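The values are calculated or read from the model by the stated rules, or taken from the named source; none is laboratory data. Keep in mind it's a predicted model, so treat the numbers as computed, not measured. Backbone-built Cβ (ideal geometry, glycine too); neighbour counts: all protein chains shown.
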């Protein structure tokens, strides 16, 4: 019986060691956080010009970006990053728009960078 218990203890210790090594390697393997302004620049550089120059809603951009601590960034941080890149906000008060806030690239920044 003592041999069996000793075997179980060794197996448990081996499993625990493997789990902690796996967690440590997954933390090291995680990509470093890229600031939102850089993520937005990368996103817009990969889009065709007609997509790049259209008005964007926050809800369209959030799933395409990665947050620092969560899967998606907060809307407030995304709005701040858009302002840094020269975007201005306006609302679409048409019946189809329903008052949604849209972000438009400034006129001087319409060409690709």
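So that you can scan it fast, the table gives a plain yes or no per residue for (1) exposed (fewer than 10 other Cβ atoms within 10 Å of the Cβ); (2) at negative phi; (3) touching a strand residue (DSSP E or B) at 6+ places or on another chain (Cβ under 6 Å); (4) modelled with pLDDT under 85:
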residue	(1), (2), (3), (4)
18	no, yes, no, yes
27	yes, yes, no, yes
31	yes, yes, no, yes
37	no, yes, no, no
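For region 1-86, please list each of the helices (runs of 4 or more DSSP H) lying entirely inside it that holds at least 2 residues being over 30 Å from residue 106 (Cβ atoms) and within 21 Å of the chain's Cα centre (by Cα). Result: 2-29.
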